[in-house]
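The values are calculated or read from the model by the stated rules, or taken from the named source; none is laboratory data. Keep in mind that this is a model prediction, so the values were computed, not measured. Ideal geometry is used to build each Cβ from the backbone, glycine not excepted, and the neighbour counts take in all protein chains shown.
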Amino acid sequence: MPQKLRHALALSVTATVIAALSIEAHSQAVTPTNTLPNPYRSVENWAKMPEGRIWGSTSAVDIDPDGTSVWVAERCGAQGFIPLAKRKEGQPFNCFGSKLDPILKFDTAGQLVKSFGAGLTIFPHGLHVDREGNVWLTDNANLDGKGQQVLKFSPDGKLLMTLGKAGVAGAGNDAFNAPSSVFVGPNGDIFVGDGHGGDTNARIVKFSKDGKFIKTWGRKGSGPGEIDIPHALAMDSQGRLFVGDRNNNRIQIFDQEGNFIAEWKQFSRPSGVFIDRNDVIYVADSESESVRNSNPGWKRGIRVGSARTGEVTALIPDPVEKITGTSAAEGVAADRNGNIFGAEVGPKRLMKYVKK
């Protein structure tokens, strides 16, 4: 047999084996990781709002390049999602009609030191701070010519770039439909988790650092590489992209070209995913057994483990045992000292957790 043919056959066999292993892993059930130790204690009311302003639904949090300052996306004091049809005349629709800034920065003492973005968003959802300190925000809804975009701000709040068509939901290369998450890779490439269930999209869209479309992958489904709500994005030290595939109760891992590597179910139903510089992974589950009877048998809370091995080592449990709706943290991040921050939509607050 010619050497080239032998090589081709070997590659074919290898690809078949990998595909078979992926399918087998996909079909295996995972025992709930509910009985792990909790080495953290809660710090409530750490982040202080200015006088006269209250916390609203808060879905996203990230850490500044300084390693300790905390950025939060807050829905302008909204006390829960108000369907547009039920909105009263003159009543703000999350950030629509509000004069409040949705992007907030807190120092290590929990003091608000910076805020911006008023009047530019409808429904702030995902937030990411890149290595240069720029703040990226996904706007998950559209109304009156705004929304359905990813916005890039300078550290001081100057709008530097927009991706997507303002106020237009779509599935093309230049439009989004309910973008949930965004992450910027080390070389500046931009990854957007586009979709939030229902009739929205279910894909990852990749752009160059100057905002030019590169490629997209994923479609709605539950098989390897298929997606149902790409609610969170993170990247490990190897450059692997971790996707919080929430409605499928799993994390999917891809290379930066969209090739499927693995799926992890041991971190439960991921609303938020964060990976620190030491490849410690933090995963927030805000919905198990509380939203549409999802993920039965799993406790909500923040799971901590290794992005290298997939081992789960700790669980900060949701203090509420039974609830209907989202509870505890949706967004999660950890500073360089290992302090964990949880952005909570249902309880409407930012929690801090420190080692006991």
| said: Suppose the filter is more than 18 Å from the chain's Cα centre (by Cα) and outside any loop (DSSP other than H, G, I, E, B); does Ile261 pass it? | reply: yes
How many residues of the stretch 198-240 are farther than 21 Å from Gly185 by Cα, among the acidic types (Asp, Glu) and crowded, with 16+ Cβ neighbours inside 10 Å? The answer is 2
When restricted to Ser154, Ser115, the only residue surrounded by 15 or more Cβ atoms within 10 Å (Cβ to Cβ), within 30 Å of Gly338 (Cα to Cα) and either touching a Ser or Thr at 6+ places or on another chain (Cβ under 6 Å) or of a type in the set (Ser, Thr, Tyr) (or both) is Ser115
Among strands (runs of 3 or more DSSP E) completely within the stretch 265-356, the ones holding 2 or more residues that are surrounded by fewer than 18 Cβ atoms within 10 Å (Cβ to Cβ) and in contact with a strand residue (DSSP E or B) (Cβ under 8 Å, 6 or more places away or on another chain) are 312-317, 349-355
Here the residues within the stretch 249-270 that are more than 22 Å from Thr35 (Cα to Cα) and either in contact with a Ser or Thr (Cβ under 7 Å, 6 or more places away or on another chain) or of a type in the set (Lys, Arg) (or both) are Phe260
Given the conditions (1) assigned to a strand (DSSP E or B); (2) touching a Ser or Thr at 6+ places or on another chain (Cβ under 9 Å); (3) surrounded by fewer than 16 Cβ atoms within 10 Å (Cβ to Cβ), every one holds for Thr162 apart from (2)
Those residues of the stretch 289-308 which are touching an Asp or Glu at 6+ places or on another chain (Cβ under 9 Å) and not hydrophobic (A, V, I, L, M, F, W, C) amount to Ser290, Ser294, Asn295, Pro296, Gly297, Lys299, Arg300, Gly301, Arg303, Gly305, Ser306, Arg308
When you check Ile251 against the structure, is it over 18 Å from the mean Cα position of the chain (by Cα) and among the aliphatic types (A, V, I, L, M), yes or no?
no
Restricting attention to the stretch 96-120, the residues that are assigned to a loop (DSSP other than H, G, I, E, B) and under 23 Å from Val273 (Cα atoms) number exactly 4
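Looking at Glu321, is it modelled with pLDDT under 95, on the phi < 0 side of the Ramachandran plot and of a type in the set (D, E, K, R)?
So Glu321 passes the test.
Yes/no matrix, rows are residues, columns are (1) in contact with a helix residue (DSSP H, G or I) (Cβ under 8 Å, 6 or more places away or on another chain); (2) free of Cβ contacts under 8 Å to residues at least 12 places away in the same chain; (3) under 22 Å from Ile251 (Cα atoms); (4) among the charged types (D, E, K, R):
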{"residue": "Gly145", "(1), (2), (3), (4)": "no, no, no, no"}
{"residue": "Leu151", "(1), (2), (3), (4)": "no, no, no, no"}
{"residue": "Gly157", "(1), (2), (3), (4)": "no, no, no, no"}
{"residue": "Gly164", "(1), (2), (3), (4)": "no, no, no, no"}
{"residue": "Ser180", "(1), (2), (3), (4)": "no, no, yes, no"}
{"residue": "Pro186", "(1), (2), (3), (4)": "no, no, yes, no"}
{"residue": "Arg203", "(1), (2), (3), (4)": "no, no, yes, yes"}
{"residue": "Lys209", "(1), (2), (3), (4)": "no, no, no, yes"}
Those residues of the stretch 229-286 which are among the acidic types (Asp, Glu) and touching a residue at least 60 places away in the same chain (Cβ under 8 Å) amount to Asp236, Glu263, Asp276
Against the condition in contact with a Gly (Cβ under 9 Å, 6 or more places away or on another chain), assigned by TED's automatic domain parsing to the domain that holds Ser271 and more than 21 Å from Gly67 (Cβ to Cβ), how does Val312 come out, does it pass? yes
